[in-house]
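Notes follow once the structure below has been shown.
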Amino acid sequence: MSTGTTIEAGEAAEAAIPELVIISGMSGAGRSTAAKCLEDLGWFVVDNLPPALIPTMVELGARSQGNVARIAVVVDVRGRQFFDNLRESLADLDAKGVTRRIVFLESSDEALVRRFESVRRPHPLQGDGRIVDGIAAERDLLRELRGDSDLVIDTSSLNVHELRAKMDAQFAGDEEPELRATVMSFGYKYGLPVDSDLVVDCRFLPNPHWVPELRPFTGLNEEVSGYVFNQPGAKEFLDRYTELLQLIAAGYRREGKRYVTIAVGCTGGKHRSVAMSEKLAARLASGGVETVVVHRDMGRE
């Protein structure tokens with residue numbers, strides 16, 4: 001028995017199945033900005049599409065004779081009566097061989113509360129409660145989807161331009177790379193990045209902060225970087241962790257994981273983590289992994 005979303009065998013030979021990106025995440029975390037960025041990159045974007053209609057949207061794109069080659073769909077709790085259908089739709093897409101990716105926009109409770117208060121709007125799930133009640137309900141609803149996402153972007157400390165830069169870095173290329181990595185330096189005193197897949201701790205190395213002539217500079221400075229990598233164990237750590245990442249990257253490719261965020265931390269995110277992130281990113285790039293470097297906390301002191 002065929003359904004309305006099935007592409008007939010004769011037509012399938014001519015139909016090119018569009019590339020699909022599903023954008024979801026927390027309300028107030030930047031879904032609209034991410035969608036607008038993809039639209040500017042030439043994607044066909046549909047906002048708040050009921051999940052049950054995603055396979056139909058893909059079929060229509062396949063019938064467009066190549067005019068709709070890339071589709072981005074925003075799915076969120078505004079369509080909560082349809083949200084339970086998302087997993088069934090994803091299974092349907094997988095069965096039809098559709099290449100699809102899920103981008104999840106994340107943010108801290110504090111950042112989300114500030115954003116809702118600044119625009120004086122209620123959270124879509126708060127009902128008669130507080131904004132934090134709506135945020136908690138949404139996190140619970142989206143927990144499983146977040147775990148299944150290919151790319152998680154934490155926008156807690158990002159402005160609109162920085163979020164667009166992240167989306168551009170991931171989607172602006174003409175050809176899809178096998179694996180893309182974001183190497184992010186951070187300071188432990190500002191908290192762990194919530195979108196990290198792997199965390200590296202550089203606090204075992206002496207801190208250039210305590211060297212008066214190095215304190216004003218960052219890990220981008222050659223003297224600071226030289227100081228860090230002249231410490232016992234620094235070069236060995238870089239070598240061995242690079243080897244470990246090569247092993248992990250091979251596994252990610254086999255499992256179809258396209259994105260990885262590696263968080264490299266030190267106390268303040270200014271010296272050691274910055275220097276290590278730069279070297280680590282260069283090693284990954286030389287190994288064929290398209291790499292973006294972000295220094296989250298540099299300049300916060």
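Here are a few things to note about the model shown:
- Residue in the stretch 180-190 that is more than 22 Å from residue 283 (Cβ to Cβ), in contact with a strand residue (DSSP E or B) (Cβ under 7 Å, 6 or more places away or on another chain) and assigned to a helix (DSSP H, G or I) present: yes
- Residue 169 of a type in the set (Gly, Ala, Ser), free of Cβ contacts under 8 Å to residues at least 60 places away in the same chain and not in a strand (DSSP E or B): no
- Taking the conditions (1) under 15 Å from residue 268 (Cα atoms); (2) under 31 Å from the mean Cα position of the chain (by Cα) in turn, residue 236 satisfies each one other than (1).
- Filtered residue count, the stretch 246-260, keeping only those that are open to solvent by less than 80 Å² (accessible area, probe 1.4 Å), assigned to a helix (DSSP H, G or I) and without any contact (Cβ under 8 Å) to a residue 40 or more places away in the chain: 2
- Test: residue 94 is within 25 Å of residue 263 (Cβ to Cβ), in the same structural domain as residue 41 (by the TED database) and either free of Cβ contacts under 8 Å to residues at least 24 places away in the same chain or surrounded by fewer than 19 Cβ atoms within 10 Å (Cβ to Cβ) (or both): no
- Filter result for residue 87 (open to solvent by 60 Å² or more (accessible area, probe 1.4 Å), in the same structural domain as residue 162 (by the TED database) and assigned to a helix (DSSP H, G or I)): yes
- Residue match in the stretch 252-265 (condition: over 18 Å from the mean Cα position of the chain (by Cα) and hydroxyl-bearing (Ser, Thr, Tyr)): no
- Scanning the stretch 123-137 for residues that are surrounded by 14 or more Cβ atoms within 10 Å (Cβ to Cβ) and assigned to a loop (DSSP other than H, G, I, E, B) returns 123, 124, 125, 126.
- Subset of the stretch 261-274 [of a type outside the set (A, V, I, L, M, F, W, C), touching a Ser or Thr at 6+ places or on another chain (Cβ under 6 Å), surrounded by 24 or more Cβ atoms within 10 Å (Cβ to Cβ) and not in a loop (DSSP other than H, G, I, E, B)]: 265, 273
- When residues of the stretch 218-239 are limited to those that are assigned to a loop (DSSP other than H, G, I, E, B) and touching a residue at least 12 places away in the same chain (Cβ under 8 Å), the one farthest from residue 275 (Cα to Cα): 233
- None of 158, 105, 163 is part of a helix (DSSP H, G or I), buried (at least 17 other Cβ atoms within 10 Å of the Cβ), out of contact with any Asp or Glu (no Cβ under 7 Å at 6 or more places or on another chain) and outside the structural domain of residue 271 (by the TED database) except 163.
- Note on the stretch 40-79: residues that are aromatic (Phe, Trp, Tyr), open to solvent by less than 30 Å² (accessible area, probe 1.4 Å) and either free of Cβ contacts under 8 Å to residues at least 12 places away in the same chain or not in a loop (DSSP other than H, G, I, E, B) (or both) total 0.
- Members of the stretch 193-214 that are assigned to a loop (DSSP other than H, G, I, E, B), open to solvent by 30 Å² or more (accessible area, probe 1.4 Å) and at pLDDT 95 or above: 203, 204, 206, 207, 212, 213
- Positions within the stretch 94-129 being of a type in the set (A, V, I, L, M, F, W, C) and modelled with pLDDT under 90, in sequence order: 95, 98, 119, 125
The values are calculated or read from the model by the stated rules, or taken from the named source; none is laboratory data. Quick caveat, the model's predicted, so the values are computed rather than measured. Neighbour counts run over all protein chains shown; Cβ positions are idealised from the backbone, glycine included. Ligands, DNA and RNA are stripped out before the accessible areas are found, and what is left, the full protein with its side chains, is counted by its heavy atoms. Shrake-Rupley method; radii C 1.70, N 1.55, O 1.52, S 1.80 Å.
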